[in-house]
Amino acid sequence: MSTDRIVAAEDLPWRRKLARELTLRARASVREILCAPIAFGGKARRIGITGPPGAGKSSLIAMLARHWEPTGRKLGVVAIDPTSPLSGGALLGDRIRMDEVARNPNLFIRSLSSGAAHDGLCPNLLAVLDAFEGAQFEDLILETVGVGQVNYDARVLVDTLVLVLVPESGDTVQAMKAGILETADIYVVNKADLPASGKLAAELRSIAAWRGKSRRWTPPVILTSALEGRGAYELAAAIEAHRHAVLDEDRMRALAAARREYHIRSLITRRIGELLASGEHESADLSVAEGLRVIVDRLHRDMTG
Ligand SMILES: Nc1nc2c(ncn2[C@@H]2O[C@H](COP(=O)(O)OP(=O)(O)O)[C@@H](O)[C@H]2O)c(=O)[nH]1
Ligand SMILES: [Mg+2]
């Protein structure tokens, strides 16, 4: 890998412009975001990669990026890091592993901290994804840690959701309890170079067959080893197959509507949190109704102001 090419790729004017735009959007206030026109689904394929920490999500994304590189399609990756801003370690870890592919000028990676977001994703996420549409990206990957609510939200933010599990960690049982298996379109058993991956794959296949009975799509189970570079072709093919089988106009319209709803909900939740934290409604000489009125008035001013 030539270092010159890394510098060259990062220096491309469109990449610098996108980097600035992403930072602006990620940091934008609720009021700023309210005024920004956002497409809730555009031309880019949106793929979610979710699963427990350490399952190999980032490594798999790097593998997919390498697999797709010859197509010349522009691939944007947004990795949401759930760790506290204080530790910072995992964020760096994500970058280092994915930066092996940084010489590819069509690949753009941005890690975002979930920071104070209530839902474990990150504020303004849909506005961030939309910025890639503006820069004519064809593929978008969203990496999230699959726990609880995050999964349900991640489900509607992407077109195709890939769940990554690893053998011998009891993940299947955990995932089933949390209802995570229900949300995924494709199951990946990563670290297939380790023992017991066959057993996990068999378990997942029977769950998938049961789920597929009443639907037009049966989630396939793909064995991968990001370490050995195995399974990229199969995973890419499964993503494509899901697109053809499920993502018709009706489905895309329903996803766009669900994203719009998520966007509104997250803006309101965040803004009300800010207003409550400001304490303006707490003044002792205000009745409860008056306190509530203070919040509602401020919200109203956000909309009209
Ligand atoms: N044995 C093995 N290790 C892997 C594989 N894929 C990833 N890893 C390792 O698992 C660890 C976590 O990988 P990472 O991609 O950061 O996982 P993430 O937290 O899900 O994004 C790293 O040490 C990787 O090198 C694999 O296919 N086989
Ligand atoms: Mg990761």
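Descriptive notes on the structure:
- Pairs are defined by a Cβ separation below 9 Å, a sequence spacing of at least 6 or placement on different chains, a first member in segment 25-40 that is in contact (Cβ under 8 Å) with a residue 40 or more places away in the chain and more than 21 Å from Val156 (Cα to Cα), and a second member that is in a loop (DSSP other than H, G, I, E, B) and aliphatic (A, V, I, L, M); the pairs so defined are Ala28/Ala36.
- Picking from residues in segment 192-250 that are under 21 Å from His67 (Cβ atoms) and without any contact (Cβ under 8 Å) to a residue 12 or more places away in the chain, the one that is nearest to the chain's Cα centre (by Cα) is Glu240.
- On inspection, Ala62 passes the criterion of being modelled with pLDDT of 75 or more, closer than 18 Å to Asp139 by Cβ and either aliphatic (A, V, I, L, M) or within 17 Å of the chain's Cα centre (by Cα) (or both).
- Filtered residues of segment 125-157 (kept if at pLDDT 85 or above, outside any helix (DSSP H, G or I) and either away from ligand 1 (no atom under 16 Å from the Cβ) or closer than 15 Å to Ser266 by Cβ (or both)): Ala135, Gln136, Phe137, Glu138, Asp139, Leu140, Leu142, Thr144
- Scope segment 27-65; condition assigned to a helix (DSSP H, G or I) and more than 16 Å from ligand 2 (Cβ to nearest atom); matching residues: Arg27, Val30, Arg31, Glu32, Ile33, Leu34, Cys35
- Failed condition for Ile109, given (1) touching a strand residue (DSSP E or B) at 6+ places or on another chain (Cβ under 8 Å); (2) at pLDDT 60 or above; (3) within 11 Å of ligand 1 (Cβ to nearest atom): (3)
The values are calculated or read from the model by the stated rules, or taken from the named source; none is laboratory data. All values reported here derive from a predicted model rather than from experimental measurement. Cβ coordinates were reconstructed from backbone atoms using ideal geometry, including for glycine residues, and neighbour counts include every protein chain displayed.
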